[in-house]
Amino acid sequence: MKRLWIIGAGVCLMLAAACSQTTKQGQDENTNAVIETIMSRRSIRKYKQVPVGRDTLDVILECGINAPNGQNKQSWEVRVVDSPELMAEMQEAIAKGHPDIPPQFAKGCFRDAPVMVFIARDPSYDFSAYDCGLLAENIMLSAWSMGVGSICLGSPVRFLQDNDACKPYIEKLEFSEGYELCLCIGLGYADEAPDAKPRNKEKIKYIE
């Protein structure tokens, strides 16, 4: 009798798990938290000047480093700057190193985000740039799921690397020897709610 009870309980557990899995697979896209996060996230260019707590950043960054990466090489390094003074110094150096660029553009290249995440790649691994992209996407999506806006930036990468005035700040980031700055991500609480820009679905094709 006891054995029959155990078998019956096991069957019930398996049926419950199957029902749960079926519900998950058949979940409506309008109630799927991952899809909602992806579809609602926007690039934010105006931020409230409110710090993002390091506990929150820790969660976001841990999500980032759990992105897929080739052969688990983890061919990236991440440096976080949340000091307003240091960011102001970096932007001053960018303006100094690029006198041909309008000062407001050079000094505003971080979009006034309260946090800047600098991502470097290991160029000795062919796919490290892709790994950095996957890392960045995880950071931005997890941030949005926690109410933190983001923007992926390329111009600060070029501005910081092509002149001597900014060299001390690249060194201050203390990337490992041989690593090169690849991406910057601004993080902060959004002070705008931009509409989604249209996407061309014709770029997607099924091949028979």
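The values are calculated or read from the model by the stated rules, or taken from the named source; none is laboratory data. The structure presented is a predicted model; accordingly, all values stated were derived computationally and were not measured. Glycine also receives a Cβ, built like all others from the backbone with ideal geometry; neighbour counts cover every protein chain displayed.
For segment 176-185, the criterion of a residue being within 21 Å of ASN69 (Cβ to Cβ) and among the charged types (D, E, K, R) is satisfied by at least one position.
Screening ASP126 against (1) within 19 Å of LEU181 (Cβ to Cβ); (2) in contact (Cβ under 8 Å) with a residue 24 or more places away in the chain leaves a single unmet condition, (2). Against the test of being surrounded by 19 or more Cβ atoms within 10 Å (Cβ to Cβ), over 15 Å from VAL157 (Cβ atoms), of a type in the set (Gly, Ala, Ser) and touching a residue at least 24 places away in the same chain (Cβ under 8 Å), the options ALA143, ALA120 yield a single qualifying residue, ALA143.
Residues are listed down the side, and each one gets a yes or a no for (1) touching a strand residue (DSSP E or B) at 6+ places or on another chain (Cβ under 8 Å); (2) of a type in the set (Asp, Glu); (3) closer than 24 Å to GLU36 by Cα:
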position	(1), (2), (3)
ALA165	no, no, no
GLU177	no, yes, no
GLY188	yes, no, yes
PRO198	no, no, yes
LYS201	no, no, yes
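Only one of the numbered conditions (1) within 23 Å of the chain's Cα centre (by Cα); (2) among the small types (Gly, Ala, Ser); (3) at pLDDT below 95 is not met by ALA67, and that is (3). Within segment 164-197, track down each residue that is surrounded by fewer than 15 Cβ atoms within 10 Å (Cβ to Cβ) and assigned to a loop (DSSP other than H, G, I, E, B). ASP164, GLU174, SER176, GLU177, GLY178, ASP191, GLU192, ALA193, PRO194, ASP195, ALA196, LYS197 - these are the residues of segment 164-197 that are surrounded by fewer than 15 Cβ atoms within 10 Å (Cβ to Cβ) and assigned to a loop (DSSP other than H, G, I, E, B). The single residue among PRO168, PRO102 that is over 24 Å from SER40 (Cα atoms), at pLDDT below 95 and more than 22 Å from the chain's Cα centre (by Cα) turns out to be PRO102. When segment 146-163 is limited to residues that are touching a strand residue (DSSP E or B) at 6+ places or on another chain (Cβ under 8 Å) and over 27 Å from ASP55 (Cβ atoms), the one that is surrounded by the most Cβ atoms within 10 Å (Cβ to Cβ) turns out to be LEU160.
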